[in-house]
Amino acid sequence: MLRLALEIADRVARVLPRRLAYALADQAGDAWRRASPSRRRLVAANLRRVCTATGRPTEGAPFEALVRDAFRNHARYYLELLRVPHYPLQRIDRHVDVPDWPVFREAMTGRPSIMVSSHLGNFEPFGTFLGMHGIRPLAPIEEIRPRALFEFLSARRGGRRVDLVPVRRARRALAARLSEGGLIGIIGDRDLGRDGLPVTLFGHPTTIPTGPASLAILYRATLIVGRCLRIGPDRFYVNGEVIELPDSGDRRTDVRALTRILAARFERDIGAAPDQWWGAFQPFWPDLDGHREGVA
């Protein structure tokens, strides 16, 4: 029954006019916000810390509008998972604007490369953009339940132009792709293993994974910190920068230094577009774990 419902949703999302599709996604986000007070409290707690650190309102109508927009953007993300695979490959630049692409392409040519981002915006359309340019990245993916939902979403990630590997089996696959001189994509702001490097983000201590930095240092890979932000219905803007790798001669020191550089970039990017930070839908700081209760 679930699979049938998902297939119907896929077909409907594909054919709906984009403005109508996004309006329905916004309504779904509003309904989700009203129906899930525990999730709403968690999102508000995370976003309040971002707002405090960036000088935005933390109470009242402006803050409530930010929380509302966060739910709407998260609903849009799921809509886009269904729509992106149907973007015409030959016209993908009508949907995805990548002004820095010549710089990225040159930096990645002929060497292993890593593109890392926070849980911000939606990088799925960029997977289709890469496909147009003959590049097929590999990305680790967190497994979710039920299994039917995981398989359905996985089949549509990156516009079907990204190779995916479950996080628990990712290490060897990522190493192999880099050894071949390929590209991997990693969302690097959530420490799922709870064993990352301690950092301070938006004034509060947390940890972030060292995996992206460790792989970059080990393989001397091109490291690009990027972001793909939603700028309108079926419209996205990608930018980023190539990060110079530390080279102190001590690998552990370099990994820690590079991870802190990534943390600073994540903080900057999230602070610039907190309404598109879907990392806010999970406990991001350890002391907010109490908000996990009632959140699936």
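Considering only residues in segment 169-201 that are among the basic types (Lys, Arg) and assigned to a loop (DSSP other than H, G, I, E, B), the one that is farthest from the chain's Cα centre (by Cα) turns out to be 194. Evaluate segment 248-266: report whether one residue or more is in contact with a Phe, Trp or Tyr (Cβ under 8 Å, 6 or more places away or on another chain), under 30 Å from residue 71 (Cβ atoms) and touching a residue at least 60 places away in the same chain (Cβ under 8 Å). No, there is no match, as no residue in segment 248-266 is in contact with a Phe, Trp or Tyr (Cβ under 8 Å, 6 or more places away or on another chain), under 30 Å from residue 71 (Cβ atoms) and touching a residue at least 60 places away in the same chain (Cβ under 8 Å).
Within segment 242-272, restricting attention to residues that are closer than 21 Å to residue 98 by Cβ and out of contact with any Gly (no Cβ under 8 Å at 6 or more places or on another chain), which residue is surrounded by the most Cβ atoms within 10 Å (Cβ to Cβ)? That would be 269. As for segment 28-40, it holds at least one residue that is closer than 20 Å to residue 121 by Cα, among the hydrophobic types (A, V, I, L, M, F, W, C) and at pLDDT 95 or above.
Residues checked against (1) surrounded by fewer than 22 Cβ atoms within 10 Å (Cβ to Cβ); (2) more than 20 Å from residue 188 (Cα to Cα); (3) touching a strand residue (DSSP E or B) at 6+ places or on another chain (Cβ under 9 Å):
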position: 71; (1), (2), (3): no, yes, no
position: 79; (1), (2), (3): no, yes, no
position: 82; (1), (2), (3): yes, yes, no
position: 145; (1), (2), (3): yes, yes, no
position: 163; (1), (2), (3): yes, no, yes
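Taking every residue in segment 268-292 that is at pLDDT 95 or above and pairing it with any residue that is small (Gly, Ala, Ser) and assigned to a loop (DSSP other than H, G, I, E, B), at least 6 positions away or on another chain, the pairs with Cβ-Cβ distances below 8 Å are 269/118; 270/118; 277/118; 279/118. Does any residue of segment 205-213 turn out to be surrounded by fewer than 18 Cβ atoms within 10 Å (Cβ to Cβ), hydroxyl-bearing (Ser, Thr, Tyr) and modelled with pLDDT of 95 or more? There is no residue in segment 205-213 that is surrounded by fewer than 18 Cβ atoms within 10 Å (Cβ to Cβ), hydroxyl-bearing (Ser, Thr, Tyr) and modelled with pLDDT of 95 or more. For segment 90-110, residues that are at pLDDT 95 or above, in a loop (DSSP other than H, G, I, E, B) and closer than 17 Å to residue 225 by Cα total 2.
Contact map, segment 14-27: residues that are farther than 13 Å from residue 76 by Cβ paired with residues that are loosely packed, with under 15 Cβ neighbours inside 10 Å, Cβ distance under 8 Å, separation 6+ or inter-chain. Pairs shown: 14/86.
The values are calculated or read from the model by the stated rules, or taken from the named source; none is laboratory data. A quick note: this is a predicted structure, and the numbers were derived from the prediction, not measured. When we count neighbours, we look across all protein chains shown, and the Cβ atoms used for this are built from the backbone with ideal geometry, even at glycine.
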